[in-house]
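Remarks on the structure that follows.
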Amino acid sequence: MTVPHAMMEASLGARTSSRATRRGSQAQGVALVRDRWRLSFEARLLVIVTATLLAFGLATLYSASAYVATQMDQPSWFFLGKQLTGVAAGVVGFAILAKFDTEQLRAWAWPIMGLSILALLVTVLPGMPRSISPMIGGSRRFLLGGSIQPSEFAKLSLVLWTAMLIVKKGGEDGLRRLSKGLMPFMVILGVLSLIVALQPDLSVAIFYALVMSIMLFTAGARIGHFVLLGVMAIPIVWSEIHRLEYVMRRLMGFAGSADAASGVNHQLQQSLIAVGSGGIFGVGFGQGRQQLGFLPLPYNDFIGSNVGEEWGFVGVAALILLYWCWGWLGFRIAKMARTPFQQLTAIGLTVTMVITAFLHLGVVIGLLPTTGLTLPFISYGRSNILLSLLLTGILVNIGSHRERVIGERATNPLAG
């Protein structure tokens, strides 16, 4: 009796083990099959260029801000430490958006635009507490004590919304008529521009118009309509320039007819001294003198002058080359985009990044009037660094394709 009983137990155990083995095999099979995004060559190279800009930017920021921080009775790495919090948030956002199908952002374009307009309105509404919308540098452009700048994130909203509406209208055919084609774009652009002009920040308002115009022109809008709208906008822009004294002073300073020792002209003059003293190879990292109280905001609006002084012509040329590579890769990614919405989004994001960078560099070397635009990945500002990394994450996703991975490679994140 004991032998059959033992045999029965052995048989039952074998069947149980067999079922467990099959379940384990099935579970293993499920675990070894997954979908993932595979980066193209352009996307991989874009990540490398971005990492290079980011590393160089953090080093430059420390050099440009250390003296200012000590004058504020703060440690020399005060601004660098705050910037690193923005980098940490940006890297997380980059990782998420690089694996998130950009096409799904098309359905979110209106909600994102609505949130951007609401955030911008909070900055200009009268009676808002200083803790929510503080006055910094004579303007109200920030929220929550200066940690968030809504006008920066509105750049992303503008690109996504413009791409969405162009596709919804059917591309070139839907943009041929002024009333039903371009007018809806002008309404949203007018709302955004009006709010940022009230902050006041006229340069960002003009930047919005420039980015949207390039996207619309790329999609097939008529050049005659742009000329007509531009002529109609001249009186409005001119009246705003006269209303905002600082804008007129910047323009007059650029023309060389204002007092070079006052206001923004002093800032431009010191920037030119910094760039000129850098020569070919610069004075050396951390050896610049203009950030020792001579140049206002050396770590933000004019951080490009620090590059020119400490790294010289070679440093500025290398920086221009990096931004050129970023832009070239962005347009390459746009060319291979999977859908029209992603193609337009890639064009808008690339234009946003490249124009911002070259406008900043044009200002610090005296080729353009002072605009107050930051240098992507380099200038101090958590909103600036976060936005730059988010834009890159979206572009990386557009430059990737979804593939199904089977086998051991499915659990190896480094497998090619």
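Tabulated data
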| quantity | calculated |
| --- | --- |
| Residue, modelled with the lowest pLDDT, within region 75-117, restricted to residues that are polar (S, T, N, Q) and surrounded by 13 or more Cβ atoms within 10 Å (Cβ to Cβ) | Ser76 |
| Of residues in region 134-151 being among the small types (Gly, Ala, Ser) and part of a helix (DSSP H, G or I), the one modelled with the highest pLDDT | Ser151 |
| Checklist (1) without any contact (Cβ under 8 Å) to a residue 60 or more places away in the chain; (2) small (Gly, Ala, Ser); (3) touching a Ser or Thr at 6+ places or on another chain (Cβ under 6 Å) applied to Gly399, failing item | (1) |
| Odd one out for Arg176 among (1) closer than 26 Å to Gly90 by Cβ; (2) out of contact with any Leu (no Cβ under 8 Å at 6 or more places or on another chain); (3) surrounded by 14 or more Cβ atoms within 10 Å (Cβ to Cβ); (4) not hydroxyl-bearing (Ser, Thr, Tyr) | (1) |
| Positions within region 353-374 being in a loop (DSSP other than H, G, I, E, B) and buried (at least 21 other Cβ atoms within 10 Å of the Cβ), in sequence order | Thr370, Gly372, Leu373, Thr374 |
| Test: residue in region 190-209 that is more than 22 Å from Thr374 (Cα to Cα) and of a type outside the set (D, E, K, R) | yes |
| Helices (runs of 4 or more DSSP H) wholly inside region 190-306 that include at least 3 residues being at pLDDT 85 or above | 202-219, 263-278 |
| Region 379-414 - residue that is over 22 Å from Phe331 (Cα atoms) and buried (at least 24 other Cβ atoms within 10 Å of the Cβ) and, of those, modelled with the lowest pLDDT | Gly381 |
| Pairs where the first residue, in region 311-338, is at positive phi and the second is of a type outside the set (D, E, K, R) and at pLDDT below 95, C-beta under 9 Å, 6+ apart | Gly312/Val275; Gly312/Gly278; Gly312/Gly279; Gly312/Ile280; Gly312/Phe281; Gly312/Gly282; Gly312/Val283 |
| Sole residue being surrounded by fewer than 22 Cβ atoms within 10 Å (Cβ to Cβ), farther than 23 Å from Thr339 by Cβ and in contact with a helix residue (DSSP H, G or I) (Cβ under 9 Å, 6 or more places away or on another chain), chosen from Leu194, Leu156, Leu125, Leu120 | Leu194 |
| First in region 264-287 and among the small types (Gly, Ala, Ser), second anywhere and exposed (fewer than 13 other Cβ atoms within 10 Å of the Cβ), Cβ under 9 Å, 6 or more apart | none |
| Any hit, region 25-41, residues being among the aliphatic types (A, V, I, L, M), at pLDDT below 90, assigned to a helix (DSSP H, G or I) and farther than 26 Å from Leu97 by Cα | yes |
| Identity of the residue in region 77-112, charged (D, E, K, R) and not in a helix (DSSP H, G or I), that ends up nearest to Trp37 (Cα to Cα) | Lys99 |
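The values are calculated or read from the model by the stated rules, or taken from the named source; none is laboratory data. Fair warning: this is a prediction, and the values are worked out from it, not measured in the lab. Reconstructed Cβ throughout: ideal geometry from the backbone, glycine too, with neighbour counts over all protein chains shown.
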